[in-house]
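Participant: One structure, as structure tokens, below. Some questions next.
We did not get these values from a lab; they are worked out from the coordinates using the rules stated. All of these numbers come straight from a predicted model, not from anything done at the bench. Here the Cβ is made from the backbone with ideal geometry for all residues, glycine too, and neighbour counts use every protein chain on show.
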Amino acid sequence: MTKPLTTNLTKPPSPPPYRSLKLRTPHGPLVRVRDPEAVELTGPVFGVTDVTPLDGDLTRQHTGDPIGERITVTGRVRDRQGRPVRGQLVELWQTNAAGRYAHRRDQHPAPLDPNFTGCGRCLTDDDGTYAFTTIRPGAYAWRNHDNAWRPAHLHFSFFGTAFTQRLVTQMYFPGDPLLALDPVLHSVTDEVARARLVAAYDHDLSVPEWSLGYRWDVVLDGPSATLFEDGEAR
């Protein structure tokens, strides 16, 4: 008698939990603000003259060339109706190509790059488009769980039309094998929303002999909103 064929279709293990979510969860009642509009008035004001083209090119902020793969990242910032958000302050921060932040609290045993600080900013144009030239960040070890590595990612901040509308999130790179193992990315439980955090390689954005191009569009609110880095819409 021939035995039936069997297959071992076990479900891949889920990423371990993101421990910092417990620390970010409020444990007390919300504080009522007497005058919500006054809170917005205390936020910073950014004019066109405050942001220069050099701020958006992280590869030209020092006298020497940074080490690593040069990339161009661009996209459109829109609202829920698909309208461009003009004059939007966009901030970016990241590790260098070795996976280390230029910050005194980062003690990851990877080299610092004296020609790369890892911070930039720009303003969206009339079409809601932002653009950065930078270095592809490296993966780095963290202590969330055993043998934990963060995939390559860029931190983004979008201020909206007021300081209290600020969206802080992360952009990931396509094809990274660490994506399936990252609890930060998987704190976004909806697969479609999680996929929106991964940029797309766009060969038309690549500059010959200079940089590879990635496109990452952002929606600030509504059903198609780009989610906050803890998996919540803002």
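Participant: Show the residues, 5+ positions off or on another chain, whose built amide H is closer than 5 Å to the amide H of residue 99.
Facilitator: Hits under the 5 Å cutoff: 138.
Participant: Starting at the first residue of the range 201-208, write each ³J(HN,Hα) from the Karplus equation 6.51 cos²θ - 1.76 cosθ + 1.60 with θ = phi - 60°, in whole Hz, x for Gly and Pro.
Facilitator: With coefficients 6.51, -1.76 and 1.60, one gets 5, 10, 5, 5, 8, 5, 9, x Hz.
Participant: Can you give the net charge of the other residues whose Cβ lies under 12 Å from the Cβ of residue 61, counting K and R as +1 and D and E as -1?
Facilitator: With Lys, Arg at +1 and Asp, Glu at -1, the net is -2.
Participant: Measuring from centroid to centroid over Cα atoms, what is the spacing of the range 81-129 and the range 184-217 in Å?
Facilitator: For the range 81-129 versus the range 184-217, the Cα centre distance is 15 Å.
Participant: Quick one: what do you get for the range 83-141 if you divide its Cα Rg by 2.2 N^0.38 Å?
Facilitator: Details: Rg = 14.3 Å, N = 59, 2.2 N^0.38 = 10.4 Å.
Dividing the Cα radius of gyration by 2.2 N^0.38 Å gives 1.38.
Participant: If we count every other residue with Cβ under 10 angstrom of residue 87's Cβ, Lys/Arg +1 and Asp/Glu -1, where does the sum land? Display every interim value, and only then the final one.
Facilitator: Numbers: positive: 86; negative: 125, 126.
In short, -1.
Participant: Shifting gears a bit: Under 20 Å from a label point 7 Å along Cα→Cβ of residue 212: give me every residue in the range 71-99 with its amide N that close.
Facilitator: It comes to 71-75, 93-99, nothing else.
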